[in-house]
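Heads up: the structure comes next, in structure tokens.
The values are calculated or read from the model by the stated rules, or taken from the named source; none is laboratory data. A quick note: this is a predicted structure, and the numbers were derived from the prediction, not measured. All Cβ positions, glycine included, derive from the backbone under ideal geometry; neighbour counts span all protein chains shown. Each accessible area value is taken on the protein alone, full model and side chains, heavy atoms only, with ligands, DNA and RNA left out. Shrake-Rupley method; radii C 1.70, N 1.55, O 1.52, S 1.80 Å.
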Amino acid sequence: MSLIKVENLVKDYKINVKKKGLVGAIGSLLVPEYKMKRAVDNISFTIDKGETVGFIGPNGAGKSTTVKMLTGILTPTSGNVEIGGLCPYKQRKKNASRIGVVFGQRTQLWWDLPVIDTFELLKHIYKVPEKVYDENIELFSEMLGLKDFINQPVRQLSLGQKMRADIAASLLHNPQIIFFDEPTIGLDVVAKEKIREFIKYINKEKGITMLFTTHDMQDIEKTCSRMIIIDHGTTIYDGTVDQIKNRYGKTRTLIVEFGQVYDKIDLIPGVEVVDTKDNKKWLAFKKEEVHISSLIADLTNKYSILDLTIQEPEIESIIREIYEGGVNYDKSLSGGGKEVLSK
Amino acid sequence: MIRAYLEVAKKSFQNNITYRMDYFAGVINTIVMIFVNISIWKAIYEEEEVVGGVQFKIIMAYLVLSFLLQNIFTMEDYLIEGRVTTGLISSDLLKPMSFRLYVFSYNIGSLVFKAVMQLLPAMIVTVALFGMLPPFSASMFIYFLISVVLGYLVLYNLNFIIWISSFWFYFTFSLVTIKDAAVMILSGALIPLWFMPQWLYEFIKLTPFDSIFFVPISIYLGQIPAEEVFTSIIKQVAWVAVLGLVGHILWKAATKKLVVQGG
Ligand SMILES: Nc1ncnc2c1ncn2[C@@H]1O[C@H](COP(=O)(O)OP(=O)(O)OP(=O)(O)O)[C@@H](O)[C@H]1O
Ligand SMILES: [Mg+2]
């Protein structure tokens, strides 16, 4: 049974068209002119209980808009959304008690009060049983290191501390589903890692279903098993994280540090030099066309070699390729990706 | 669920404590305003015992009551605007609680804070300085208390309409300023309405403004005939209902706009 069901979801925003100049400005004040902007264009997917889904796409792709419709604070122009049998925008309050949301751009903590006070308040708002609350506070403080600043007013916290507190706040009531919209934005490497570890743990221990929006591919790789990529409001990929690596990430790079500087080298077919720096060369090849062992054997026979490193393509560069290729990158992977999905 | 709103009020109370300067400023402001206004009226009364049929000691009591009430009736004019302009209003709607009751509880928290921490000291100081007329009678005192509560609700519902307009205008500073001026003049906060020209007085009686300060204070001072007290209170109730209804309709429209057009 799928927990989240999205069917042909569409969202059009009405945008106020401002005319240029003073006359134009007065004109649009008196007679406003609008145009419609389609932010989400016929998206469909389902998410099962316990699934962890990375939801990515370039800026303005429609991710936040989709998340808002899933949480119920935005009404779709057309299409259906169902969260555990509820229609989020019609039953917002009821839906709200089952979900947790973090919008990384803005904190939902009480600005002037210590973090712990916001937690206390949320306990009452969500009617969290005392025992559950105590356990969660204990666990979250431990894993997210909240202890150092839990008694400090929120306005004094650093971005990373605020974010950690926000994530804890969104999980206090043991939601079934958690929506993260860029919870790692602006954080340093260590803080990001801490949050990923935590998310991974929570997901495993509590079986929380998760939709995770981010621009950091490491987030997705470390915490999600599935990935939905959207662009211009449409789905361009829906499948597992491993699959995308297999399908797109066929290229390997061998970095060779030679004993001396060679201007030109003789390579076996299927391998090309993509970069050169001093005595180092970057050699790219497709992994099923060229055997890495024969390439290395060939090279060591002909040249003196100091060091060799094999580089797998990072998900980062794969995604970049997909974004740059746009919607039509690979049609077989688009459109809800039902066949890719079935496990 | 009540528990959650009590908790909000408590937090707002605590929030008020955080701003210690604000706290002292509130007490001092009230005392100074009472002092200044009584001095002005004293100058007017210099010659005569009675002006416009009203004795000076009644004016003095009126002013003390008015400024003490104004102090505790101060509300958070930019709470909703802040939530709207920062987009946090979306997070507010995502809580399984009523945002309107949340805002109300928040204001009640400040009200209690002001009543306990500011009203008491300001009252003690001013009564010691200027003395105070006792309520006209015990029953009028009871009506006064009821009328004060209703006066607060009239002002609250009026304010709510202004606050909620931030969904359309985003910045409500000018609106709030106009509202404050209107309340200041028309509610009898500064000048008892007895001294207004007859036509203006008749006009004000058709608005919700006299329900805020003038009616409760007049009841306390016995300036409203006993047989008219009941109608005055009913009029207050009616304004609470009418303004509440307008606020409700605007709130529905505001959330509709939010969920259709996005934050
Ligand atoms: N309230 C709004 N009114 C009008 N247009 C909007 C509104 N919110 C978003 N949009 C537009 O809709 C499109 C999708 O925006 P959205 O915020 O969903 O993108 P996103 O994928 O979350 O991008 P990012 O990665 O930058 O956060 C954008 O073109 C944006 O300008
Ligand atoms: Mg976004």
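Annotations
- If you go through segment A:44-63 and keep only what is within 16 Å of ligand 2 (Cβ to nearest atom), of a type outside the set (S, T, N, Q) and not in a strand (DSSP E or B), you end up with A:Gly57, A:Pro58, A:Gly60, A:Ala61, A:Gly62, A:Lys63.
- Set side by side, the residues A:Asp307, A:Asp238 differ, and just one is assigned by TED's automatic domain parsing to the domain that holds A:Val40 and in contact (Cβ under 8 Å) with a residue 40 or more places away in the chain, which is A:Asp238.
- Residue selected from segment A:110-141 under the condition facing chain B (nearest Cβ under 10 Å) and in a loop (DSSP other than H, G, I, E, B), by the criterion surrounded by the most Cβ atoms within 10 Å (Cβ to Cβ): A:Trp110
- Positions within segment B:207-263 being polar (S, T, N, Q) and either within 30 Å of B:Leu93 (Cβ to Cβ) or within 14 Å of chain A (Cβ to nearest Cβ) (or both), in sequence order: B:Thr255, B:Gln261
- Taking the criterion of being open to solvent by less than 90 Å² (accessible area, probe 1.4 Å) and within 16 Å of ligand 2 (Cβ to nearest atom), the residues of segment A:29-40 that qualify are A:Ala39, A:Val40.
- Filter result for the condition that a residue is crowded, with 16+ Cβ neighbours inside 10 Å and out of contact with any helix residue (DSSP H, G or I) (no Cβ under 7 Å at 6 or more places or on another chain), over B:Ile249, B:Ile191, B:Ile224: B:Ile191
- Test for B:Val242: is it in contact with a Pro (Cβ under 9 Å, 6 or more places away or on another chain), part of a helix (DSSP H, G or I) and open to solvent by 30 Å² or more (accessible area, probe 1.4 Å): yes
- Residue check for A:Ile26: more than 12 Å from ligand 1 (Cβ to nearest atom), surrounded by 12 or more Cβ atoms within 10 Å (Cβ to Cβ) and of a type in the set (A, V, I, L, M, F, W, C): no
Residues checked against (1) touching a Cys at 6+ places or on another chain (Cβ under 6 Å); (2) within 14 Å of chain A (Cβ to nearest Cβ); (3) over 29 Å from A:Leu113 (Cα atoms); (4) in a helix (DSSP H, G or I):
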residue	(1), (2), (3), (4)
B:Asn16	no, yes, no, yes
B:Met21	no, yes, no, yes
B:Gly26	no, no, no, yes
B:Asn29	no, no, no, yes
B:Ile40	no, no, yes, yes
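- Top-ranked residue in segment A:80-99 [being at the interface with another protein chain (Cβ under 9 Å from one of its Cβ atoms) and without any contact (Cβ under 8 Å) to a residue 24 or more places away in the chain; ranked as farthest from ligand 1 (Cβ to nearest atom)]: A:Lys94
- Neighbours by Cβ (under 8 Å, 6+ apart or cross-chain): first from segment A:66-79, facing chain B (nearest Cβ under 9 Å); second of a type in the set (Phe, Trp, Tyr) and buried (at least 24 other Cβ atoms within 10 Å of the Cβ): A:Thr71/A:Phe179
- Residue count for segment A:66-75, restricted to those that are under 22 Å from the mean Cα position of the chain (by Cα) and either more than 16 Å from ligand 2 (Cβ to nearest atom) or surrounded by fewer than 22 Cβ atoms within 10 Å (Cβ to Cβ) (or both): 2.
- The one condition in (1) in contact with a strand residue (DSSP E or B) (Cβ under 9 Å, 6 or more places away or on another chain); (2) within 14 Å of chain B (Cβ to nearest Cβ); (3) within 28 Å of B:Arg3 (Cα to Cα) that A:Ile150 fails to fulfil: (2)
- Against the conditions (1) farther than 30 Å from B:Asn15 by Cβ; (2) modelled with pLDDT under 95; (3) surrounded by 20 or more Cβ atoms within 10 Å (Cβ to Cβ); (4) more than 14 Å from ligand 1 (Cβ to nearest atom), A:Ile47 satisfies every one except (2).
- Given (1) more than 17 Å from A:Phe179 (Cβ to Cβ); (2) within 16 Å of ligand 2 (Cβ to nearest atom); (3) within 12 Å of chain B (Cβ to nearest Cβ), index of the condition A:Ile15 fails: (2)
- Residue identified as under 23 Å from the mean Cα position of the chain (by Cα) and open to solvent by 60 Å² or more (accessible area, probe 1.4 Å) among B:Ile38, B:Ile59, B:Ile28: B:Ile28
- So B:Met117, is it touching a residue at least 40 places away in the same chain (Cβ under 8 Å), farther than 30 Å from B:Ala238 by Cβ and not in a helix (DSSP H, G or I): no
- Flag if B:Glu7 is within 14 Å of another protein chain (Cβ to nearest Cβ), surrounded by 15 or more Cβ atoms within 10 Å (Cβ to Cβ) and within 15 Å of the chain's Cα centre (by Cα): no
- Failed item in (1) in contact with a helix residue (DSSP H, G or I) (Cβ under 6 Å, 6 or more places away or on another chain); (2) within 15 Å of ligand 1 (Cβ to nearest atom); (3) at negative phi; (4) not aliphatic (A, V, I, L, M), with A:Lys19 passing the rest: (2)
- Scan of segment A:86-108 for residues that are open to solvent by less than 30 Å² (accessible area, probe 1.4 Å) and over 23 Å from the mean Cα position of the chain (by Cα), ordered by number: A:Leu86, A:Cys87
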